[in-house]
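Student: Sharing a structure with you now.
The values are calculated or read from the model by the stated rules, or taken from the named source; none is laboratory data. Because the structure is a prediction, the values reported are computed rather than measured. Positions of Cβ are generated from backbone atoms using ideal geometry, with glycine treated the same way; all protein chains shown enter the neighbour counts. Heads up: the accessible areas ignore ligands, DNA and RNA and are worked out on the full protein's heavy atoms, side chains in. Shrake-Rupley method; radii C 1.70, N 1.55, O 1.52, S 1.80 Å.
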Amino acid sequence: MAAGADDDVSGHAFGSSEQLPSPLIFRLTRRVTASLPRQSEQASSTAVYCGVREFSCDEDCVAIPEWLLQTAGLAVGEPVAVEFVRPEKGLFAQLQALDSAAASVGDLRAILEAHMRSNLTALSVGETFRVPVGGMDQPLSFSVVALEPLGAVDIVDTDLSVDILQADGVVVDGQIGGAHSGNTMSELVPGTP
């Protein structure tokens, strides 16, 4: 779906003299049709949040990466609802490594956070994403276990504190609960705000 300069995006018309909000974050869900009852939609589809990489698709068409389709419980070619949202800035994220191989990665935190910075605009609880690691045949998978302040957050230009749990539940760095002791993205990657 491509929005033109004067198209209505979730109740907000962006005129030619107004700047688009940054980042543009959208919630994707299965579009309810007459052949797909609402009960079935809720049982097999999850809302996922994402940004826009480029505006090059034909009108009424969106290109969604396979990993995002899988997270949302969607199939290629299935109708999808795209809703513009403005989630709050994230303060804290707890991520669970789904692969035991994550324990053998030297600087997992730096690799994970660099990937998040360049590839993700939002996170939501229950979302799973993959991170390529040099020297490994398969990317590592991570699940979003907890977020603050809400279950879906904007992670662009934020000091997001991150706790990483290994596949066995052991905390890599930081602490679960009350005071979060994970490092912020700006502390780990020089030159970030």
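Student: Using a 7 Å offset from the Cα along the Cα-to-Cβ direction at both V156 and K89, what is the distance between the two label points in nm, to one decimal?
Tutor: Label-label distance for V156 and K89, simple model: 1.4 nm.
Student: Sticking with this structure for a sec: Which cross-chain or sequence-distant (5 or more) residues have an amide H under 5 Å from the amide H of A146, H modelled 1.01 Å from N in plane?
Tutor: Q94
Student: Just grab the label-to-label distance for E148 and M136, each label 7 Å out from Cα along the Cβ direction, in nm (one decimal).
Tutor: Modelled inter-label distance: 2.7 nm.
Student: Please report, in whole Å³, the volume per residue of the convex hull around the C-alpha atoms of region 69-137.
Tutor: 136 Å³
Student: What accessible surface, in Å², does a 1.4 Å probe find on L165, ignoring ligands, DNA and RNA and rounding to the nearest 10?
Tutor: Its accessible surface works out to 10 Å², give or take rounding.
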